[in-house]
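Before any comments, here is the structure.
No lab work stands behind these numbers, since they all come straight from the coordinates. What you see is a predicted model; the values in this text were computed from it and never measured. Here the Cβ is made from the backbone with ideal geometry for all residues, glycine too, and neighbour counts use every protein chain on show.
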Amino acid sequence: MQRNHEIGTFLLRLMLGITFFAHGMSKFQGGIENTAGFFASLGIPGFMAYVVAIIELIGGIAMVAGIGTRIVSALFAVILIVATLLVKLPDGFLGGYELDIVLLVVSLHLALNGSALYSVDSKLPFLKKKKHSINA
């Protein structure tokens, strides 16, 4: 049962990473200046488009590799909350923010639980959880 949970969490981590990587890549390929202009039209400083795109691009790679899963997932969650509230909410659930909410829940799951299966983090000795045993 525990193994199934680990496999499921790994699959969530993998898909979340691929999705965010693709979104970050599209921001750069489509002209990051356009995204900066869009951000500015929402009242968000244009430079934040670069911050978001870099988090999505590099965070997506890190997520797939299992590097800093909890931190990157938390950053993804912040991006998704802001995107939902400022852009997607007026469009309603269907055709609006349903995908953002699913990605938010996945991000929160990974931020709370991590994902050690096939992760670089699990191979680093200073990040491994120490197992404590009680010997009476």
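Here are the numbers:
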read-out	value
Residue with peak Gaussian network fluctuation, the chain [Cα springs, cutoff 10 Å], from 121, 100, 91	91
Exposure rule at most 15 other beta-carbon atoms within 10 Å, DSSP loop chymotrypsin sites (Phe, Trp or Tyr not before Pro): the chain longest free segment	1-117
R0 of 25 Å, Cβ-Cβ distance residue 85-residue 65: FRET efficiency to nearest 0.05	0.25
Relative contact order %, the chain, counting alpha carbon pairs below 8 Å whose residues are six or more apart	28 percent
Whole-angstrom gap from the stretch 26-63 to the stretch 87-102, using each part's C-alpha centre	19 Å
Charge dipole of the chain about the Cα centre (unit charges at C-beta), most positive-ward option of 8, 42, 94	8
Percent of Cα pairs exceeding the 20 Å cut-off, where the set is the stretch 1-127	46 percent
Magnitude of the charge dipole, the stretch 2-114, Cβ model with Lys/Arg +1 and Asp/Glu -1, debye to 20	260 debye
Fluctuation leader among 14, 104, 42 - the chain, Gaussian network, Cα springs under 10 angstrom	42
GNM flexibility winner over the chain from 15, 63, 48 (Cα, springs under 10 Å)	48
